[in-house]
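Structure first, then comments.
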Amino acid sequence: MLHTAIANKQIELAYQPQVTKDNRVTGVEVLARWSNDEFGAISPVEFIPIAEHTGLIIELGNHVIESAFITAKEWANKGIDIRYMSINLSARQIMHFNFVNDVTALFKKYFDENSRPRIVFEITEGIAAEGKDVCDVINEIRKLGIRFSMDDFGTGYSSLSYIRNLPIDEIKIDRHFIGELSQYKNAEEMVDTILHIAKIFNLEVVAEGVETEEQRQFLIEHGCKIFQGYFYSKPVCKEDFEKFYLQNS
Ligand code: C2E
Ligand code: CA
Ligand code: CA
């Protein structure tokens, strides 16, 4: 069914705003959505692993990238000025021999020198285990002006040498750490430490899963500048994102 859904372009995108401390939209993360006639909405937590396992992730991933590029272009034409649009990548996708070619072709199909979108690819820590090859891929993609962000930071095989050696621009603090903020003393120290690490390596930080004003306050006091989570908005359809943008820009 996933195969058919991808072929029929039934995988759609949801958009979740990333917001600054003065509550302006600065970025957006695109998240894949599959709503099936028989089963209703199926979570990406379920279908992304299936896509990875079956190899469908290549087709699915390219579809997500292309759909996101189309939206980025549309928004640029409408004057919706989003600083960065973030797209999730799977390890298997980035290590596919044709990844650089596929991304480059899509990029050239929708953009030219005068309309360069600001795109971020989110990768996870597991990818670093691929070693030097993954750095080569990242560096090739960066030539297009695309940035890289380390998603779910702190949950995988976090290693300071990965952070130092991988050519990335940003880290995203995993939402589980944010969720624990008011519950455990050491959660505050962990988040504070991650913010310090980011500073040392000169990386931008996005805090994910911000749900409460207290979490937001803590993060602001500790130097975080970009926030994402239900406190601001759930991932929504394109039209609703546009409304949110107009109210918060
Ligand atoms: P992720 O990249 O860590 O995305 C963030 C997830 O946290 C999203 O779940 C989002 O809806 C949820 N979230 C955002 N704010 C909050 C909050 O304040 N509280 C809570 N409890 N949750 C929040 P979603 O959309 O179900 O996506 C789950 C995961 O599926 C993503 O986690 C990502 O790993 C994967 N995924 C989604 N779309 C794609 C895609 O196009 N490609 C790939 N490779 N993976 C994707
Ligand atoms: Ca993500
Ligand atoms: Ca994440």
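Here are some notes:
- Rg/Rg_globular for the stretch 107-171, with Rg_globular taken as 2.2 N^0.38 Å and Rg from C-alpha atoms: 1.20
- For a modelled paramagnetic label at ASP192, 7 Å from Cα along Cα-to-Cβ, the residues of the stretch 208-227 in reach, with backbone nitrogen under 14 Å, are 218-224.
- For the stretch 3-104, the equivalent ellipsoid built from the Cα gyration tensor has semi-axes of 25, 17, 13 Å, listed from largest to smallest.
- Distance cut-off 14 Å, percentage of C-alpha pairs in the stretch 48-87 lying past it: 55 percent
- Selected from VAL205, VAL191, VAL100 as most flexible by GNM, with the chain as the system and alpha-carbon contacts under 10 Å: VAL100
- Within the shell defined by Cβ-Cβ distances under 12 Å, the residues around LEU2 carry a net charge of -3, with Lys and Arg each +1 and Asp and Glu each -1.
- Site pair GLU211 and GLU59 shows an inter-label distance of 3.6 nm when each label is modelled 7 Å from Cα along Cα→Cβ.
- The stretch 50-187 - Kirkwood radius from inverse mean 1/r over Cα pairs (Å): 16.2 Å
- Fraction of the pair-distance distribution of the stretch 66-115 above 17 Å, Cα-Cα pairs, percent: 42 percent
- The chain, helix-only ellipticity at 222 nm - DSSP H runs n ≥ 4, -39,500 (n - 2.57), divided by all residues, nearest 500: -13500 deg cm²/dmol
- Using θ = phi - 60° in the Karplus curve 6.51 cos²θ - 1.76 cosθ + 1.60, the 3J(HN,Hα) couplings for the stretch 82-89 round to 9, 4, 9, 10, 9, 10, 7, 10 Hz; x is entered for Gly and Pro.
- Highest-MSF residue in the chain out of GLU59, GLU38, GLU188 [GNM, Cα springs under 10 Å]: GLU38
- Intensity falloff of the stretch 136-223 expressed as log10 I(q)/I(0), Debye formula with alpha-carbon point scatterers, at q = 0.10, 0.16, 0.17, 0.25 Å⁻¹: -0.27, -0.63, -0.70, -1.28
- Translational diffusion of the chain, µm² s⁻¹ [Kirkwood Rh, Cα pairs; Stokes-Einstein; 37 °C; 0.692 mPa s]: 175 µm²/s
- Cβ-Cβ FRET estimate between CYS135 and GLU38, R0 fixed at 35 Å, reported to 0.05: 0.25
- Built amide H within the under 5 Å cut-off of GLU122, gap 5+: ILE87, ASN88, LEU89, SER149
- Note on the stretch 93-143: semi-axes of the ellipsoid equivalent to its C-alpha gyration tensor, largest first and rounded to whole Å, are 23, 12, 9.
- Mean separation of Cα contacts under 8 Å, 6 or more apart, over the residue count of the chain: relative contact order %: 21 percent
The numbers here are math on the coordinates, done by the rules we state, and not lab data. Worth saying up front: this structure is predicted, and the values here are computed from it rather than measured. Cβ coordinates were reconstructed from backbone atoms using ideal geometry, including for glycine residues, and neighbour counts include every protein chain displayed.
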